[in-house]
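Student: Structure in structure tokens, see below.
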Amino acid sequence: MKMKALIVYGTRYGATAGTSEEIAKVLRDEGFDVNVVNAKKEKVNAISEYELIIVGSGMKIGKWTKEPENFLKQFKHELVKKNVAIFISSAIRAIFEYEGNTEEMEEMWKKYLVEKAEKYSLNPIDMAIFGGVFPYDDMGWMTKKTVGQLWRKFEEAGFEKKNGTYDTRDWTAIRTWTKKLAKKTRT
């Protein structure tokens with residue numbers, strides 16, 4: 001009998017959706033039955049049937065999207081008894097990594113993962129910060145004025161703008177993390 005996994009995500013620019021789909025693909029290759037839920041469009045009514053639950057969120061202005069946050073709040077008491085993993089998608093991660101800014105990386109880890117897990121009394125089997133997307137061409141003039149200069153840093157770090165967006169996701173890291181989750185869930 002296949003183990004069941006649930007991936008619940010919230011996305012701002014689509015990076016977390018794509019990451020969640022890639023996680024699902026790897027888990028399916030690992031023999032899991034996977035249900036992927038965009039929390040903005042679908043409601044989860046029960047989690048009892050799942051052996052692994054992964055919750056992911058895009059980041060903007062230092063905040064998780066509200067839908068996965070609401071999921072954590074709704075199932076707080078049940079999640080403490082489950083294999084849970086959490087992740088965020090953040091394009092800025094690539095800049096911190098490129099610059100070797102370990103202090104900012106540690107701060108992101110603590111603020112957006114550790115504190116989130118503590119808030120809901122979770123003991124995740126794993127957590128991750130993956131790259132995200134920076135949709136430069138879709139930004140309004142005010143946003144471009146305040147954070148628009150980041151495009152230079154993305155290009156310095158080796159990311160090219162494609163279709164108006166910088167995509168900083170590391171697909172190999174996402175796949176490796178997911179395989180590790182599958183192994184942890186089976187043990």
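The values are calculated or read from the model by the stated rules, or taken from the named source; none is laboratory data. If you're wondering where the values come from, they're calculated on a predicted model, not measured in any experiment. Reconstructed Cβ throughout: ideal geometry from the backbone, glycine too, with neighbour counts over all protein chains shown.
Student: Could you run through segment 3-12 and say how many residues are surrounded by fewer than 18 Cβ atoms within 10 Å (Cβ to Cβ) and either within 11 Å of the chain's Cα centre (by Cα) or farther than 22 Å from residue 82 by Cβ (or both)?
Tutor: Selection size over segment 3-12: 0.
Student: So, residue 165, is that one under 18 Å from residue 19 (Cα atoms), polar (S, T, N, Q) and within 17 Å of the chain's Cα centre (by Cα) or not?
Tutor: When the stated conditions are applied, residue 165 does not pass them.
Student: Based on what the data block shows, is residue 143 farther than 24 Å from residue 106 by Cβ and either polar (S, T, N, Q) or buried (at least 20 other Cβ atoms within 10 Å of the Cβ) (or both)?
Tutor: When the stated conditions are applied, residue 143 passes them.
Student: Let me ask you something else. Just to be sure, is residue 16 in contact with a strand residue (DSSP E or B) (Cβ under 7 Å, 6 or more places away or on another chain), buried (at least 16 other Cβ atoms within 10 Å of the Cβ) and farther than 19 Å from residue 177 by Cα?
Tutor: It is false that residue 16 is in contact with a strand residue (DSSP E or B) (Cβ under 7 Å, 6 or more places away or on another chain), buried (at least 16 other Cβ atoms within 10 Å of the Cβ) and farther than 19 Å from residue 177 by Cα.
Student: Would you mention how many residues in segment 143-159 are over 24 Å from the mean Cα position of the chain (by Cα) and aromatic (Phe, Trp, Tyr)?
Tutor: Residues flagged as over 24 Å from the mean Cα position of the chain (by Cα) and aromatic (Phe, Trp, Tyr) within segment 143-159 amount to 0.
Student: On the given criteria, is residue 114 under 18 Å from residue 16 (Cβ atoms) and either in contact with a helix residue (DSSP H, G or I) (Cβ under 6 Å, 6 or more places away or on another chain) or modelled with pLDDT of 90 or more (or both)?
Tutor: Judged against the criteria, residue 114 is not a match.
Student: Among the residues of segment 126-134, are any within 16 Å of residue 55 (Cβ to Cβ), without any contact (Cβ under 8 Å) to a residue 60 or more places away in the chain, surrounded by 12 or more Cβ atoms within 10 Å (Cβ to Cβ) and touching a Ser or Thr at 6+ places or on another chain (Cβ under 7 Å)?
Tutor: Within segment 126-134, one or more residues are within 16 Å of residue 55 (Cβ to Cβ), without any contact (Cβ under 8 Å) to a residue 60 or more places away in the chain, surrounded by 12 or more Cβ atoms within 10 Å (Cβ to Cβ) and touching a Ser or Thr at 6+ places or on another chain (Cβ under 7 Å).
Student: Here are some residues: 37, 26. Which one is in contact (Cβ under 8 Å) with a residue 12 or more places away in the chain, under 11 Å from residue 68 (Cα atoms) and surrounded by 15 or more Cβ atoms within 10 Å (Cβ to Cβ)?
Tutor: 37
Student: Quick one: which helices (runs of 4 or more DSSP H) lie wholly within segment 1-112 and hold at least 3 residues that are among the hydrophobic types (A, V, I, L, M, F, W, C)?
Tutor: So the answer is 15-29, 92-99, 102-109.
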